[in-house]
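The values are calculated or read from the model by the stated rules, or taken from the named source; none is laboratory data. In this text the structure is predicted, and so the values were computed from the model without any measurement. Cβ placement follows ideal geometry from the backbone for every residue including glycine, while neighbour counts extend to all protein chains displayed.
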Amino acid sequence: MRIVIASDFEGMSHAAAEDVIGWLERTAKPLLCLPSGKSPVAFLRRLRTQYGRTRPLPDWYFVGLDEWVGVAQHEPGSCRQFLDHHLFGHLGVPEERISFFDGMNPDIDAEVSRADAFVAAHKGIDICVLGIGTNGHLGLNEPGSLRDSPTRPVDLEASTIDAAQAYFGGPRAVRRGITLGLSTLLSSRTLVILASGEGKADIIRQALEGPVGPDVPGSFLQHHPDCTVYLDVAAASRLQRRV
């Protein structure tokens, strides 16, 4: 595992984006998995600045990381709407290059199968960018998730539900999500982790230096062969080692 520490959020995001751009340019038809939320905002800004509509569309493909069950893709607060706003719309990515969970589909098993089939058709995820929740979740793989957990619907912890409210226009009773499983995420060829702020410092210490196990799903990152964690100084402040 490699740890990159920058002075602030913008520097951390820029460093991550520059590295990812380099990897993408060396990979033919890469499959990317990208997160929503506060952590990737500046990272995605850098990607869309580098690859705007004025240049030929990169030959990239995308699989959705997770989604709220009961929230439509076009609604503000949905994970899909976030990526439409921050990346897909800027690049003009055609729909056939995107596989994303539909949180309104009552047949959740069909959504699971569709996502898994898309990943399998691309022979796995090339670059997976993830944030980490204050409870240690990756995607919506909440505490208790096993290393080999599959793509599936999940019951959300209270901390995740509370954090989700910031992305909706008002209180929203989300209780479940659907997520790529740790088995899929940890099989990605390259993992990129983004975390910033003092509020993430304790969980970063647990994930990167604590025991590996399902109590902190982020701890499974310690065993990935190609994982780089990008932090600002505040998020890294409780680490014992910083390289």
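A few comments on the model shown:
- Test: residue in the range 49-72 that is out of contact with any Ser or Thr (no Cβ under 8 Å at 6 or more places or on another chain) and within 26 Å of Q165 (Cβ to Cβ): yes
- When each of L194, L208, L180 is tested for being crowded, with 17+ Cβ neighbours inside 10 Å and either among the hydroxyl-bearing types (S, T, Y) or closer than 23 Å to V71 by Cα (or both), the lone residue that passes is L180.
- Single match in D215, D155, D162 (criterion: modelled with pLDDT under 95 and among the charged types (D, E, K, R)): D162
- Annotation: of all residues in the range 58-113 being surrounded by fewer than 22 Cβ atoms within 10 Å (Cβ to Cβ) and among the polar types (S, T, N, Q), the one that is farthest from the chain's Cα centre (by Cα) is N105.
- Any pair with Cβ under 6 angstrom, 6 or more apart, that starts in the range 20-48 at a residue that is under 17 Å from D232 (Cα atoms) and touching a residue at least 60 places away in the same chain (Cβ under 8 Å) and ends at one that is of a type in the set (G, A, S) and buried (at least 17 other Cβ atoms within 10 Å of the Cβ): G37/G131; S39/G131; F43/S13; F43/A16; F43/A17
- From the list R152, R238, the lone residue that is under 29 Å from S7 (Cβ atoms) and without any contact (Cβ under 8 Å) to a residue 60 or more places away in the chain is R238.
- As for the range 115-129, it holds no residue that is surrounded by fewer than 17 Cβ atoms within 10 Å (Cβ to Cβ), within 18 Å of E67 (Cβ to Cβ), of a type outside the set (A, V, I, L, M) and touching a strand residue (DSSP E or B) at 6+ places or on another chain (Cβ under 8 Å).
- If the condition is being of a type in the set (V, I, T), assigned to a helix (DSSP H, G or I) and either modelled with pLDDT under 95 or more than 16 Å from L191 (Cα to Cα) (or both), then the range 106-144 contributes I108, V112.
- Every pair of residues 6+ apart whose Cβ atoms lie under 8 Å, when the first sits in the range 162-184 and is closer than 26 Å to R114 by Cα while the second is of a type in the set (K, R) and surrounded by fewer than 24 Cβ atoms within 10 Å (Cβ to Cβ): A164/R172; I178/R152; T179/R152; G181/R152; L182/R147; S183/R147
- Test: residue in the range 163-174 that is under 21 Å from E111 (Cβ atoms) and exposed (fewer than 14 other Cβ atoms within 10 Å of the Cβ): yes
- Among (1) surrounded by fewer than 17 Cβ atoms within 10 Å (Cβ to Cβ); (2) among the charged types (D, E, K, R); (3) within 16 Å of T184 (Cβ to Cβ) - the single one D155 does not satisfy: (3)
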